[in-house]
Every structure is written in structure tokens, then in C-alpha cells.
Amino acid sequence: MSLLKNDLSEPMRRVAEHVYSAHFEEDEQLDKEYSPYRRDRMRQDIVYNLSFLQTAVEIDDQQLFANYAEWLFSLMVNLMPDLPTNRIREQMITHYQLIIQAIEKELDSSIIASYTTHLKRAIETTKVVQPKNKERNYAEGKYGFAREAYLNYLLNFDVQKAIEYMTSLYNNPFDLMEIYTEILRPVMVEIGERWHDNELSVDEEHYMTSITQLVVSRFYDVIFDSPKEKGRMLCCSVGSELHEMGARMISDLFEHDGWDSVYLGAGVPLQAISKAIERHKPDLIALSVTMPQHLSICKEIVEHVRSTFPSVKIAVGGRAFTMTDAVNTKWPIDLASNDAKELITWANVTFLETANEDAIACD
Ligand code: B12
């Protein structure tokens with residue numbers, strides 16, 4: 001298993017090294033349980049865990065790291081079926097304890113407490129967490145049949161049928177909003193769950209993602225067909241975020257709704273967003289974040305845009321925002337949502353109000 005490598009501060013890199021070697025010094029059993037492959041992954045995952053921890057501290061979110069501990073526990077249980085669940089529980093608790101010890105050595109005393117609070121909560125969560133419930137409900141409800149059919153095409157890697165099926169649903173019986181948000185998105189979530197449950201490999205997940213991107217691109221004709229008489233919006237994923245399908249769907253849906261959309265893709269840094277705003281002069285920017293590690297950079301971008309371009313409306317959303325409660329009260333944004341439909345409805349109302357105010361000002 002490989003998670004993402006993230007930028008850590010220098011002291012946190014030393015924490016990572018301490019934790020890795022302390023695991024093997026403290027627990028002789030690990031020598032037998034961890035192959036060279038597992039050790040290599042463990043080293044990378046420690047960096048990843050610390051980057052999550054760092055974010056929880058930076059954005060001052062009380063639930064983020066505990067939720068992550070729950071997700072991580074299930075991932076480890078699924079990836080190491082040769083080890084009993086309680087043995088993995090023991091390893092994870094030791095892991096958080098070793099991070100506390102290393103942090104006490106490496107970090108400035110003024111910030112140690114903010115880190116240990118999150119780690120203690122992760123320990124309490126790990127003590128009681130049960131492996132994830134694997135009940136599947138994606139095939140239920142009004143859209144269930146379409147999700148199931150599309151997922152089956154993906155599981156068989158049948159690119160042609162997957163495309164034909166999804167394009168045949170357009171206006172018969174579903175509109176583009178439903179196809180994107182009620183069928184493609186839940187199927188991608190299901191694919192993610194199967195990766196997390198170790199039922200799909202990384203290459204399979206990647207291939208299914210690229211097929212879905214191909215499906216999305218087949219709607220371009222209808223998307224760019226509508227007249228552009230509303231405002232202009234700019235959309236992207238921030239920082240080193242690689243997840244871009246949410247941002248792409250948001251842009252497409254705005255374009256389809258009569259907006260002029262500027263889609264910058266994934267992993268866009270602050271300076272590039274700033275330049276793009278100067279060039280395209282959007283009425284609204286929509287920032288998408290999937291991995292919580294990119295929340296800090298998103299906050300920085302929001303603050304910069306708010307102070308440099310005060311007339312531009314700012315919306316934030318994506319999976320990461322379902323995992324934090326630190327946004328609404330503390331960020332200078334106009335909307336935080338995880339719902340494309342809510343965003344477009346809100347943008348249309350806000351745009352109309354602004355247009356009316358401008359008209360009154362001109363009279
Ligand atoms: C596809 C995918 C990838 C692809 C992305 C490719 C691409 N070009 O986009 C790749 C392979 C790169 C990838 C990599 C990783 N991934 Co990944 N990935 C996924 C997966 C399966 C689907 C994501 C997706 O496309 N969803 C469909 C879109 C349409 O949904 P969405 O983004 O939520 O967007 C909707 C709404 O949120 C909303 N929205 C989105 N943005 C905005 C913005 C505004 C303003 C508003 C209002 C609304 C809004 O509208 C959209 C339309 O409905 C998810 C599973 C999941 N639950 O999402 C895992 C998932 C997100 N990945 C995960 C992980 C762990 C990773 C990796 C670390 C490891 C890995 N699997 O390889 C790396 C990290 C990469 C990085 N540096 O960022 C985990 C994250 C868990 C966690 N702890 O947070 C997930 C949840 C899988 C899982 N179940 O465990 N991944």
C-alpha cells in the first residue's frame with residue numbers, strides 16, 4: 001500500500017525517522033511480521049500520518065485526526081489479513097504513543113500540547129474502533145440500477161459499453177446533474193471503498209477513474225452548446241491535490257447551466273490562481289479539496305483571494321470539507337458545500353442579485 005508523500009517540516013521529518021526506528025526497537029514481533037515491502041510502505045505511511053496530524057493542528061480541527069485514525073485502522077486491517085485485528089490495534093496505539101514521545105523530543109515546547117491532544121484522541125478512538133461495516137448500498141434508490149450497471153461495466157473494464165451506457169442515459173431519463181452527481185460520483189465513491197477494503201488494486205482503481213474521465217469528456221458537446229449569458233466562474237483543485245474529477249464536474253455543470261467556466265485542473269498553486277483571476281476576472285471561484293492535507297493551503301488561498309480580489313465570490317467544497325468543522329466559522333468564504341446543485345443554485349441567486357444591484361446603481 002502506498003499513500004501520498006507530503007511536505008513535512010524538518011522537525012517533523014526527524015519525528016518520522018524516530019518513530020520508524022522506535023517501532024522495531026520496542027516491538028521484536030514486528031521483525032517477523034513486516035517484510036521488506038511492508039517496512040518500505042510503513043516508512044512512507046508514517047510521513048503521510050504526520051502530514052495529516054500537522055494539518056489537524058494547522059487548521060485547528062478537533063475531529064479530523066480521530067476520523068483519520070478510524071479510516072487508517074480499517075485500511076491496515078484490510079491490508080494485513082495475516083494479523084489478528086487486535087494485534088493491529090496494538091500496533092496502531094503504539095504508533096501514536098511513539099509519535100507523542102518523538103514530538104516531545106523534537107518540537108518546540110510551546111506547540112507540543114496541540115499535537116498530543118490529537119494523538120490522545122486517536123489512541124482513544126483506536127482502542128474502541130471496529131473494522132468497517134462493508135454493507136453496500138450504492139445500488140439502492142432511484143439511481144441504483146444505473147449505478148450498478150455502470151459499476152459492472154467498470155469492473156469488467158468494458159470501456160465501450162461503459163461510455164455507450166452512460167451517454168444513453170442523457171435526457172433518457174436523467175439530466176447531466178443527475179448523471180454526474182447521482183451516478184458517476186457514487187460509483188467513484190464505491191470504487192474508493194473497494195480500494196480501501198483491498199478488493200481493488202491501485203492499477204484497477206486508476207483504470208476505472210480514467211474510464212470515468214472518458215465518459216465525462218463525452219458530454220462536452222452538450223456542455224458547450226448552451227449560451228453563456230450568466231457570470232464567469234473559475235474552478236480548480238488546490239495545492240498538490242491530484243483529485244480533479246469533482247472540480248471538473250463543477251465546471252462542466254456551470255458551463256451547461258449558462259455560465260462561462262474556466263477550469264484550471266488539479267494541483268493549482270496560489271500564484272497561478274491569482275494570475276488566472278487577474279486574467280479571466282471571474283465573478284466566482286470554486287475551490288475543490290479532497291485530501292484534508294490540502295485544507296491549510298486552501299485556507300491560505302481563500303484569505304489571499306478575499307483580500308486581493310474582494311469582489312470575487314468564494315466557494316469551497318469537496319470530500320475534505322465533510323471531514324472538518326473548522327471551515328464555516330473561521331474562513332472568509334461565501335459558501336462551503338459538498339453539493340454541486342446547491343452551489344449552482346446559490347451562484348445563480350447571488351449573480352442575479354449582483355446584476356440587479358449593478359442595474360439599479362446605473363439608473
Ligand atoms: C479517483 C481517486 C483517486 C485518483 C484521482 C484521479 C483524478 N484525476 O481525479 C488518484 C489515483 C490520483 C487518487 C490518488 C490518491 N487517493 Co484517491 N480516490 C479516488 C476516488 C476513488 C474517487 C474520487 C472521485 O473522483 N470522486 C468523484 C467526484 C466527482 O466526487 P468529489 O470529488 O467528491 O466531488 C463532488 C462533491 O464533493 C462536490 N464538490 C467537489 N468539489 C467541490 C467544490 C465546491 C466549491 C463545491 C460546492 C462542491 C464540490 O461536487 C462534486 C460532484 O458531485 C476517491 C473515493 C471517494 N470517496 O471520493 C479516493 C479517495 C479520495 N482517495 C484516497 C486516497 C487515500 C488516495 C491516495 C492517498 C492513495 C491512493 N489511493 O493512491 C492518493 C492521494 C493523491 C493526492 N496527492 O492527492 C482516499 C482518501 C481517504 C482519506 N483518508 O482522506 C479515498 C476517499 C479512497 C478511500 N475510500 O479511502 N485517488
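Using +1 at the C-beta of Lys and Arg and -1 at the C-beta of Asp and Glu, which of 216, 296, 347 has the Cα lying farthest in the positive direction of the dipole of the chain?
296
Quick one: check the C-alpha center-to-center distance for segment 305-357 versus segment 72-87, whole angstrom.
39
For the chain, take the longest principal axis of its alpha carbons; what is the angle in degrees between that and the long axis of helix 185-196, to the nearest 10 within 0 to 90?
With both axes taken from Cα atoms, the answer is about 10 degrees.
How large is the dipole of segment 154-220 about the Cα centre if only Lys and Arg carry +1 and Asp and Glu carry -1, each at its Cβ, rounded to the nearest 20 debye?
280
Relative to the first principal axis of the alpha-carbon coordinates of the chain, what is the inclination of helix 64-79, with its axis defined by its Cα atoms, in degrees from 0 to 90 and to the nearest 10?
70
Quick query: amide H of residue 316 versus all other amide H atoms, modeled in the peptide plane; which residues come in under 5 Å with a sequence gap of 5 or more or a different chain?
The answer is 287, 335, 336, 337.
Segment 245-363: percent of C-alpha pairs farther apart than 23 Å?
27
What ranking of 158, 221, 252 emerges when the number of other C-beta atoms within 10 Å of each C-beta is taken as an exposure proxy, fewest first?
221, 158, 252
Under the rule of at least 5 residues apart or a separate chain, name every residue whose amide H is placed under 5 Å from the amide H of residue 266.
Counting only residues 5 or more places away or on other chains, the set is 237.
Which ³J(HN,Hα) values, rounded to whole Hz and listed in residue order, are derived for segment 310-323 from phi using the Karplus coefficients 6.51, -1.76 and 1.60 in 6.51 cos²θ - 1.76 cosθ + 1.60 with θ = phi - 60°, glycine and proline given as x?
Rounded to whole hertz, the list is x, 7, 7, 6, 10, 10, 10, x, x, 4, 4, 6, 7, 9.
Only counting other Cβ atoms within 10 Å, I'd like 357, 241 sorted with the fewest neighbours first.
357, 241
Taking R0 as 51 Å, what's the FRET efficiency between residue 357 and residue 242 from their Cβ-Cβ distance, rounded to 0.05?
Efficiency at R0 = 51 Å is approximately 0.85.
Suppose every Lys and Arg Cβ carries +1 and every Asp and Glu Cβ carries -1, with no other charges. What dipole size does the chain come out with about its Cα centre, to the nearest 20 debye?
Rounded to the nearest 20 debye, it is 340 debye.
Okay, helix-only estimate at 222 nm for the chain: each DSSP H run of n ≥ 4 adds -39500 (n - 2.57), divide by all residues, round to 500 deg cm²/dmol; what do you get?
Roughly -19500 deg cm²/dmol at 222 nm, from the helical runs in the chain.
Between residue 214 and residue 28, what is the FRET efficiency for a Förster distance of 56 Å, r being their Cβ-Cβ separation, to the nearest 0.05?
Taking R0 as 56 Å, the efficiency between residue 214 and residue 28 is 0.65.
Given C-alpha coordinates of segment 10-128, what is the ratio Rg to Rh with the Kirkwood estimate of Rh?
0.94
Any chance you could run the full-extension gain for residue 224 through residue 156? It's 0.36 nm times the residue separation minus the Cα-Cα distance, nm to one decimal.
21.4 nm
State to the nearest 20 debye the size of the charge dipole of segment 227-362 about its Cα centre, where the only charges are +1 on K and R beta carbons and -1 on D and E beta carbons.
Around 300 debye, computed over segment 227-362.
If I model a spin label as a point 7 Å beyond the Cα along the Cα-Cβ vector, how far apart are those points for residue 172 and residue 9 in nm?
In this crude spin-label approximation the distance works out to 5.9 nm.
Could you tell me which trypsin sites (Lys or Arg not before Pro) in segment 305-355 are loop residues by DSSP with no more than 16 other beta carbons within 10 angstrom of their beta carbon?
Answer by residue number: 330.
Per 10 Å bin from zero, what fraction in whole % of the C-alpha pairs of segment 144-218 is there, up to the bin with the longest pair?
20, 58, 20, 2
Through the Karplus equation 6.51 cos²θ - 1.76 cosθ + 1.60, θ set to phi - 60°, convert the phi angles of segment 43-48 into ³J(HN,Hα) values in whole Hz; use x for Gly and Pro.
Couplings: 4, 5, 5, 4, 4, 5 Hz.
Rounded to two decimals, what ratio of Rg to Rh does the chain give with C-alpha atoms and a Kirkwood Rh?
Ratio of gyration radius to Kirkwood radius: 1.01.
For segment 11-63, state which GluC sites (Glu not before Pro) are in a DSSP loop and have at most 15 other beta carbons lying within 10 Å of their beta carbon.
Answer by residue number: 28.
Considering the dipole of segment 10-128 built from charges on the beta carbon (Lys and Arg +1, Asp and Glu -1) around the Cα centre, which of 51, 83, 101 is farthest to its positive end?
So the residue furthest toward the plus end is 83.
Per residue of segment 206-217, what does 6.51 cos²θ - 1.76 cosθ + 1.60 with θ = phi - 60° give for ³J(HN,Hα)? Whole Hz please, x for Gly and Pro, Karplus curve as stated.
My calculation for segment 206-217 gives 4, 5, 5, 5, 5, 5, 5, 5, 5, 4, 4, 5 Hz in order.
Around residue 174, which amide H atoms from residues at least 5 apart in sequence, or from another chain, sit under 5 Å from its own amide H, with H modelled in the peptide plane?
Counting only residues 5 or more places away or on other chains, the set is empty.
Using the count of nearby Cβ atoms within 10 Å as a rough guide to exposure, how do 289, 202 rank from fewest to most?
202, 289
Coordinate-derived values only; no laboratory data. What you see is a predicted model; the values in this text were computed from it and never measured. Heads up, the Cβs are rebuilt from the backbone with ideal geometry, glycines too, and the neighbour counts pull from every protein chain shown.
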